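The values are calculated or read from the model by the stated rules, or taken from the named source; none is laboratory data. None of the values given here were measured: they were computed from a predicted structure. Virtual Cβ from ideal backbone geometry, glycine too; neighbours counted across all protein chains shown. Just the protein is used for accessible areas: all its heavy atoms, side chains included, with ligands, DNA and RNA removed. Shrake-Rupley method; radii C 1.70, N 1.55, O 1.52, S 1.80 Å.
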Amino acid sequence: MPNLERPMTLKELSIEYAKKQPHQVENLTEEAPILDGIKFEAASHGLWNAYEDVTSIEGPGFVDMNAKLPKMSFDSELKKMDLSIMGGEMFCPEDKAQMVGGKEKYFNKRTPAFLRAAGQTTEKKIIYDNFIPYAKKNGNIIDGGATGTGYSIVCVRYVPGEVCGLYSPEGFKQGAMLDVRPINGGNLYHDENGVLGYGVRLKGYFGVQLANAKAVSAIVNIDKEHIPTESQMDDLLIAARATAGSTFLYMHPKVLSMLNKYKGDILRTVNGESEINRTFDQWNKIKIVTSYNFLDGLETKTEL
């Protein structure tokens with residue numbers, strides 16, 4: 001079972017605990033760079049996670065010699081977050097299974113494409129159902145000024161136990177990130193159209209926890225005529241309390257091209273870490289990750 005104390009990326013989880021299906025995660029994250037970089041933590045109760053949402057903290061302070069020490073307090077609300085299912089079903093008609101050399105060969109050939117699509121869908125949901133709504137809910141959203149469809153930029157500071165991915169430890173007991181099981185015991189059955197064939201289902205339990213109102217921000221309503229200013233980009237980082245190493249800027253590649261007019265000390269390309277054979281674009285030392293899973297200029301205008 002996974003080491004529940006250490007946050008890990010999906011690839012790190014797969015290397016240690018999904019030895020029966022080691023290539024699942026490679027296919028899943030191949031076209032999902034944001035999902036690839038998120039650190040995941042074990043959910044507290046299998047299919048849901050209990051966590052504390054901090055409402056106020058009174059910490060220690062400086063006092064004179066022999067003076068009374070200030071009282072410290074920590075107020076929080078206990079909350080619960082359910083995990084979501086990542087998975088789906090595949091069906092192979094009986095005749096097609098015979099033509100391609102068996103149902104196993106059919107499913108093995110098509111699973112990588114299924115996983116790539118699943119990774120893209122998951123990443124899009126994280127962007128548009130989690131990050132941007134959370135930034136808007138907490139007032140950490142900046143209007144780029146476009147009045148039609150456009151783009152957005154998201155800034156996320158990952159905080160252990162607060163802003164992170166979640167996974168169910170139970171999901172790795174079968175030695176795979178997504179549990180693969182035959183439908184109807186691997187025997188023939190009729191699909192919804194009455195066609196005889198074979199089926200498999202893939203299923204895992206994952207989620208994204210957002211429990212720090214000062215860790216996620218966004219600029220919305222961006223287009224070629226309304227490119228974020230240097231001041232807006234700096235405000236974006238400030239709103240998320242951005243720190244190098246724990247914070248990332250997410251955007252469509254075309255938005256990065258728009259920002260290239262600031263090329264220099266603010267926006268620059270640097271060599272990656274020694275173990276990563278690639279370079280990174282950065283804004284004031286905060287890494288930029290581009291993803292085609294952002295809508296390509298088709299985001300509807302966000303009303304603030």
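Accessible area of Ile15, 1.4 Å probe, to the nearest 10 Å²?
Its accessible surface works out to 120 Å², give or take rounding.
Taking semi-axes √(5λ) of the Cα gyration tensor in Å straight from the coordinates, which label in (i) 39, 27, 18; (ii) 45, 22, 17; (iii) 40, 20, 18 is the correct one?
Identified label for the calculated read-out: (i).
Convex hull over the Cα atoms of the stretch 198-304, averaged projected area in nm²?
10.6
At a probe radius of 1.4 Å, what is the per-residue accessible area of Lys124, in Å² to the nearest 10?
90
Can you give me the % of accessible surface on the chain that is carbon or sulfur? Probe 1.4 Å, all protein chains present, nothing else counted.
The value for the chain is 50 percent carbon and sulfur by accessible area.
Pull up the DSSP beta bridges for the chain and report the antiparallel fraction as a percent, rounded to 5.
85
Please report the net charge: other residues with Cβ closer than 11 Å to the Cβ of Val100, K and R +1, D and E -1.
Local net charge: +3.
Keeping all protein chains in place and using 1.4 angstrom, which order do Thr247, Thr300, Thr149 fall into by accessible surface area, from largest down?
So, going from the largest accessible area down, we get Thr300, Thr149, Thr247.
Explain nothing, just the number: relative contact order of the chain, from Cα pairs under 8 Å at least 6 residues apart, as a whole percent.
Normalised by residue count, the contact order of the chain is 23 percent.
If the chain between Asp296 and Ser231 were fully stretched, how many nm would it gain, using 0.36 nm times the residue separation less the Cα-Cα distance?
Difference between extended and current length: 21.0 nm.
Which residues' amide hydrogens lie under 5 Å from the amide hydrogen of His252, considering only partners 5 or more residues apart or on another chain, with H built in the peptide plane?
Ser152, Ser291
Whenever you get a sec, line up Val180, Val159, Val255 from highest to lowest accessible area (probe 1.4 Å, protein heavy atoms).
Val180, Val159, Val255
Using Cα positions and a limit of under 28 Å, work out the lysines in reach of Lys287, with same-chain residues fewer than 8 apart set aside.
Counting by Cα, and skipping residues close in sequence, Lys287 has these lysines nearby: Lys11, Lys39, Lys124, Lys125, Lys136, Lys137, Lys214, Lys224, Lys254, Lys261, Lys263, Lys301.
So if we plug the beta-carbon distance of Met99 and Lys20 into 1/(1 + (r/R0)^6) with R0 = 22 Å, what FRET efficiency do we get, rounded to 0.05?
The calculated FRET efficiency here is 0.20.
How far apart, in nm, are two points set 7 Å out from the Cα along the Cα-to-Cβ line at Leu47 and at Lys214?
That separation, rounded to one decimal, is 3.7 nm.
Can you give the net charge of the other residues whose Cβ lies under 12 Å from the Cβ of Ile142, counting K and R as +1 and D and E as -1?
-2
If you stretched the chain out fully between Asn184 and Asp129, how much longer would it get, using 0.36 nm times the residue separation minus the C-alpha to C-alpha distance?
Residue separation times 0.36 nm, minus the Cα-Cα distance, leaves 16.4 nm.
Give the accessible area for Val163 in Å² (nearest 10); use a 1.4 Å probe, count only protein heavy atoms, and leave out ligands, DNA and RNA.
Probe radius 1.4 Å; accessible area of Val163 about 0 Å².
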